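Peer 1: Take this structure first; my questions come after.
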Amino acid sequence: MSIQDDLIVRNGRFAETFDKPNMPALPGLRTVLLACADARVDPAHVLGLELGEVIVIRNTGGRVTRSVIEEVATLSVLSNILTEGREQGFNIILMQHTQCGAQRLANPELQATLKDNLGIDVTDYAITDQARDLMVDVGRLAAAREVPDAVTVSAMLYDVATGSAEEIAPMQSLGNLRAAARETDVLQAG
Ligand SMILES: [Zn+2]
């Protein structure tokens with residue numbers, strides 16, 4: 001039996017009791033969660049997500065990259081259309097984890113090898129310090145003008161050794177973060 005055969009059997013058990021044929025496309029918690037692709041940190045399991053509650057985007061490290069910004073901006077346009085403009089904002093939660101494979105990508109030699117041999121630039125995915133890198137990613141979202149002010153962002157760190165998640169950044173609107181950044185710029189310029 002192949003792995004796919006096994007998964008289709010598992011799906012059969014899911015389908016037997018499936019009773020939600022008319023779920024709305026908008027996620028129930030109005031939340032997009034960005035997490036690492038690591039199999040140990042599956043958000044449905046570790047955060048107890050129910051079907052239809054959260055849109056989950058996963059990549060190496062769970063980092064805010066250019067393609068993540070484009071996906072989030074597209075989702076905000078779709079959300080606007082689906083709610084006929086009634087809902088401008090939603091939540092973005094960033095979740096990184098301990099013992100992340102993306103920490104290896106911080107190695108300059110590996111970065112050079114990937115760039116020279118495969119033409120792949122992984123510097124946006126690299127992780128050196130999760131708490132600091134999460135704040136960098138909050139800043140990347142705040143700097144992304146195509147994501148609306150009403151969107152909120154927060155960040156958490158999941159520990160693969162204990163199964164516990166802790167808050168790194170509380171929920172704040174991008175509008176507030178942008179206003180605070182402008183204030184800092186003015187202070188620095190003055
Ligand atoms: Zn990871």
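Peer 1: Among the residues of the stretch 126-140, which ones are of a type in the set (A, V, I, L, M), surrounded by 20 or more Cβ atoms within 10 Å (Cβ to Cβ) and under 14 Å from the mean Cα position of the chain (by Cα)?
Peer 2: Within the stretch 126-140, Leu134, Val138 qualify.
Peer 1: May I pose another question? Restricting attention to the stretch 61-81, which residues are among the β-branched types (Val, Ile, Thr), in a helix (DSSP H, G or I) and within 16 Å of the ligand (Cβ to nearest atom)?
Peer 2: Result: Val68, single match.
Peer 1: For the structure I just gave you, tell me whether Leu51 is more than 25 Å from Val136 (Cβ to Cβ) and at pLDDT below 95.
Peer 2: On the way: more than 25 Å from Val136 (Cβ to Cβ): yes; at pLDDT below 95: no.
Against the criterion (more than 25 Å from Val136 (Cβ to Cβ) and at pLDDT below 95), Leu51 does not qualify.
Peer 1: Being in a helix (DSSP H, G or I) and touching a residue at least 12 places away in the same chain (Cβ under 8 Å) is the filter here; which residues of the stretch 82-109 pass it?
Peer 2: Result: Leu82, Gly101, Ala102, Gln103, Leu105, Ala106.
Peer 1: Right, here's the next one. Check Leu75 against each of (1) of a type outside the set (Ser, Thr, Tyr); (2) modelled with pLDDT under 95; (3) more than 14 Å from the chain's Cα centre (by Cα) and name the one condition it does not meet.
Peer 2: With (1) of a type outside the set (Ser, Thr, Tyr); (2) modelled with pLDDT under 95; (3) more than 14 Å from the chain's Cα centre (by Cα) applied to Leu75, the lone miss is (3).
Peer 1: Sticking with this structure for a sec: Kindly establish whether Ser79 is of a type in the set (Gly, Ala, Ser), closer than 26 Å to Asp149 by Cα and surrounded by 16 or more Cβ atoms within 10 Å (Cβ to Cβ). Don't jump to the end; show me each part of the working.
Peer 2: On the way: of a type in the set (Gly, Ala, Ser): yes; closer than 26 Å to Asp149 by Cα: yes; surrounded by 16 or more Cβ atoms within 10 Å (Cβ to Cβ): yes.
Criteria met by Ser79.
Peer 1: I'm checking my understanding of the structure. Among residues of the stretch 39-60 that are part of a helix (DSSP H, G or I) and away from the ligand (no atom under 14 Å from the Cβ), which one is farthest from Ala25 (Cα to Cα)?
Peer 2: So the residue we want is His45.
Peer 1: Name the residue that is farthest from the ligand (Cβ to nearest atom), counting only residues in the stretch 116-145 that are modelled with pLDDT under 95 and among the charged types (D, E, K, R).
Peer 2: Of everything passing the filter in the stretch 116-145, Arg145 is farthest from the ligand (Cβ to nearest atom).
Peer 1: Right, another one. Do you know which residues across the stretch 1-38 are in a strand (DSSP E or B) and of a type in the set (A, V, I, L, M, F, W, C)? Working first, answer last.
Peer 2: As a first pass, look at the stretch 1-38 and keep what is in a strand (DSSP E or B): 31-36.
Scanning the stretch 1-38 gives Val32, Leu33, Leu34, Ala35, Cys36.
Peer 1: Right, next: Among all residue pairs at least 6 apart or on different chains, which show Cβ distances below 9 Å where the first residue, located in the stretch 17-30, is touching a residue at least 40 places away in the same chain (Cβ under 8 Å) and the second is in a loop (DSSP other than H, G, I, E, B) and aliphatic (A, V, I, L, M)?
Peer 2: From the stretch 17-30, the pairs are Leu29/Leu49.
The values are calculated or read from the model by the stated rules, or taken from the named source; none is laboratory data. Note that the coordinates shown come from a computational prediction; the quantities given were computed from them, not determined experimentally. For neighbour counting, all protein chains shown are included, and Cβ atoms are generated from backbone atoms with ideal geometry for every residue, glycine included.
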